[in-house]
Amino acid sequence: MQNIYFTPGPAAIFPTLSKHIQEAFELQIPSISHRSETFRKIYQECYQGLKQLFNLPDNTAVVFASSATEIWERLIWSCVENHSLHLINGAFSKKFYETAQQLQKKPSFYEVEAGKGFDISTIQIEKNIELLALTHNETSTGVSMPVEDIHRLAEQNEQGITALDIVSSAPYAAIDFRKVDTAFFSVQKSFGLPAGLGVWIVNEKCVKKSAILEKKGLLTGTYHRLTQFWKYFEKFETPSTPNVLAIYLLNKVTQDMLKMGIENIRIQTEQKAKKLYDLLENHDYLEAFVKNKAHQSKTVVVANVKNGESTSILKKLKEKNMVVGSGYGEFKNAHLRIANFIANEEVYIDALINELKNN
């Protein structure tokens, strides 16, 4: 019997992926040139599909990197001369801040205790802030920032660039990209693809800022600097040889999502999340790590094990061919992280809930 994966990345593969992979090899997609008309058509169709899925404005590009981690670096290099502001509520938002430090910028931050969200009324965005770094869904702790709060902070940051991590919430997150300037995700989460492709949504405001920094003689990267990405995007090419197969598969899965309908995806995600949180409210030894319901993630549900030992639970689930994520970092042995992505269909969520009830 095959395993059922509830891990938050790499995650369960998208249900149609094996069919798309077989077709890709029949069409010899891994061998085509990234300067060919065939690739340009794949890229253009992928962009148009993502534009529709995320409701992107016309002045927005989609470019590709190796991972979301690489995009942290490219984004700081390309859009920050001195000051970025980071909202930290877990390991990954903190690593974005540390990336800015490593690139010798002067980042500042607001930080809250793990498992908690922000009171945005306490956050002041100074005029010298060039980039505001927000995380919609902190994968390490299962804390989600309400979309309304993201939009309000973006409105306060009119002069600067607002950047949003949607790594473990895309495409569920209903973000208004007229307010958010740039966002990024990796395909091994809810898109259910193998790891190795980062997707960077970026608007003209970002590329203009990068061009200003270049005119000042500042290093914004080499062949993967933002101005180069944008230049090649305009003809649906890439600066260097990309993961052509991954882009092809992303396009196919995006088309599948469009057929499902993004509103249906959101409704189903919320229904499954409710079942998981209902379980945690009434469980003997599990409880929701994030107490404030307004900040509970719908896509990565984190359960705190009351006795502080998750290893035996994970082992018993694995014996039933259910692979659940362990806690991250300091919470490795205290948490269960349950992915609620599109590939985690309701029948699988129900089976997991039943197992946890009887475990």
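Computed from the coordinates by the stated procedures, all read-outs in this text should not be read as laboratory data. For clarity, every value in this text was computed on a predicted model and none was experimentally measured. Cβ placement follows ideal geometry from the backbone for every residue including glycine, while neighbour counts extend to all protein chains displayed.
Observations on the structure shown:
- Distance (nanometres) between label positions extended 7 Å along Cα→Cβ at residue 48 and residue 264: 2.2 nm
- Considering only beta bridges that DSSP places wholly inside the chain, some 55 percent are antiparallel.
- Separation of the range 105-176 and the range 204-247, taken as the distance between their Cα centroids, equals 24 angstrom.
- Among the GluC sites (Glu not before Pro) in the range 119-222, those placed in a DSSP loop whose Cβ has at most 14 other Cβ atoms within 10 Å are 126, 158.
- Here the extension length gained between residue 315 and residue 158 equals 51.6 nm, from 0.36 nm per residue of separation less the Cα-Cα distance.
- Ranking of 145, 260, 1 by count of other Cβ atoms within 10 Å, fewest first: 1, 260, 145
- Looking at the range 54-108, none of the chymotrypsin sites (Phe, Trp or Tyr not before Pro) sits in a DSSP loop with at most 13 other Cβ atoms within 10 Å of its own Cβ.
- The length gained by stretching the chain between residue 119 and residue 25 to full extension, at 0.36 nm per residue less their Cα-Cα distance, is 28.9 nm.
- Sparsely packed GluC sites (Glu not before Pro) within the range 298-352, loop by DSSP, other Cβ within 10 Å at most 12: 309
- Here residue 315 is the anchor, and the lysines within straight C-alpha reach of less than 20 Å, apart from those fewer than 8 places off in the same chain, are 306, 332, 357.
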